[in-house]
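Please read the structure below before turning to the comments.
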Amino acid sequence: DTGVSQDPRHKITKRGQNVTFRCDPISEHNRLYWYRQTLGQGPEFLTYFQNEAQLEKSRLLSDRFSAERPKGSFSTLEIQRTEQGDSAMYLCASSLQGILNYGYTFGSGTRLTVV
Amino acid sequence: GQSLEQPSEVTAVEGAIVQINCTYQTSGFYGLSWYQQHDGGAPTFLSYNALDGLEETGRFSSFLSRSDSYGYLLLQELQMKDSASYFCAVRVGRENTDKLIFGTGTRLQVFP
C-alpha cells in the first residue's frame, strides 16, 4: 500500500470555475476525512465518511462544497463557483475505525490557487 | 464550540528538551493527539492520549490531564530534523461519530 494519494497535487483555476479533487485512502481504512489548511494555520475539518456514508459536514462549509465516496473507497471533493478565499491546501486523511492509537494518515494534499 | 491554544513558536538548540503545551475547551472530548508537519509536507501522527498520564514513544512523550483540559508534547534530545510545526488536536464527537479539531500549531526551530 502506498499510503493516501491525492490528485492533482496542484490546481490553478479562475474564479467562478468548478474544481474536483480526488483522494485514494489506504485500502483497509474505512474512514476518510477532508481538511483544508491555509498558511500558518492548522487543518480545518470539512467533512468525513465512514465507508460510503457522509457522517458529518462542517457548518462552516458553504453549499458550493460537496464530497462523495460512492463505493466506500476513493472520494472526491468538488468546489463549485470557486472564490479567491477557497485558495488553500486541501488534505485528505484516512483511518481505521476504533484504531485510535494509529492516528490519521494524511495525503500530501492538493494545493488550490484561485486567480 | 471548540478552541485550542498552543504557543505559536518555540526555539531550542540541538540536544535540548522542549515542551509544547496545549489547552483546550471542547464538548464531547475523547482524547488528545499530536501531529508533526514539516514545511511543504503532510501532517504525520505522533501520539494519542485518551486517558490521563504520560505516553512515551522514543524521544517524544505526550501528557494529558483531562481535569485541567491540558496536555503537552515533550521532545527530548532535539535534532535538527525536529524543526517543524507541531499541532495538538482534540478528538471530539458524539455517539458513533468523531473527528479531530486541530490547533493553530507551534513552530519549533532547532538551532545547532
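The values are calculated or read from the model by the stated rules, or taken from the named source; none is laboratory data. Keep in mind that what you see is a predicted model, and the values were worked out from it rather than measured. Heads up, the Cβs are rebuilt from the backbone with ideal geometry, glycines too, and the neighbour counts pull from every protein chain shown.
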Q | Residues of region A:90-101 satisfying the condition of being assigned to a strand (DSSP E or B), of a type in the set (A, V, I, L, M, F, W, C) and modelled with pLDDT under 95 | A | none
Q. Does at least one position in region A:92-115 carry a residue that is farther than 30 Å from B:Leu51 by Cα, more than 10 Å from chain B (Cβ to nearest Cβ), exposed (fewer than 14 other Cβ atoms within 10 Å of the Cβ) and in contact (Cβ under 8 Å) with a residue 40 or more places away in the chain?
A. yes
Q: Select from region B:73-112 the residues that are surrounded by fewer than 19 Cβ atoms within 10 Å (Cβ to Cβ), at the interface with another protein chain (Cβ under 9 Å from one of its Cβ atoms) and among the polar types (S, T, N, Q) and list them in ascending order.
A: B:Asn96, B:Thr97, B:Thr104
Q. Given the residues A:Leu61, A:Leu55, which is the only one that is more than 24 Å from B:Gly31 (Cα to Cα), modelled with pLDDT under 95 and among the hydrophobic types (A, V, I, L, M, F, W, C)?
A. A:Leu61
Q. What number goes with the only condition from (1) within 14 Å of chain A (Cβ to nearest Cβ); (2) among the hydroxyl-bearing types (Ser, Thr, Tyr); (3) touching a Phe, Trp or Tyr at 6+ places or on another chain (Cβ under 9 Å) that B:Tyr70 does not pass?
A. (1)
Q | Extreme residue, nearest to the other protein chains (Cβ to nearest Cβ), among residues of region B:54-67 that are touching a residue at least 12 places away in the same chain (Cβ under 8 Å) and surrounded by fewer than 21 Cβ atoms within 10 Å (Cβ to Cβ) | A | B:Phe60
(Q) Looking only at region A:4-40, filter to residues that are more than 23 Å from A:Ser95 (Cα to Cα) and within 13 Å of another protein chain (Cβ to nearest Cβ); which one of those is farthest from the chain's Cα centre (by Cα)? (A) A:Gly40
**Q.** Subset of region A:41-90 (residues that are within 14 Å of chain B (Cβ to nearest Cβ) and touching an Asp or Glu at 6+ places or on another chain (Cβ under 7 Å))
**A.** A:Thr47, A:Tyr48
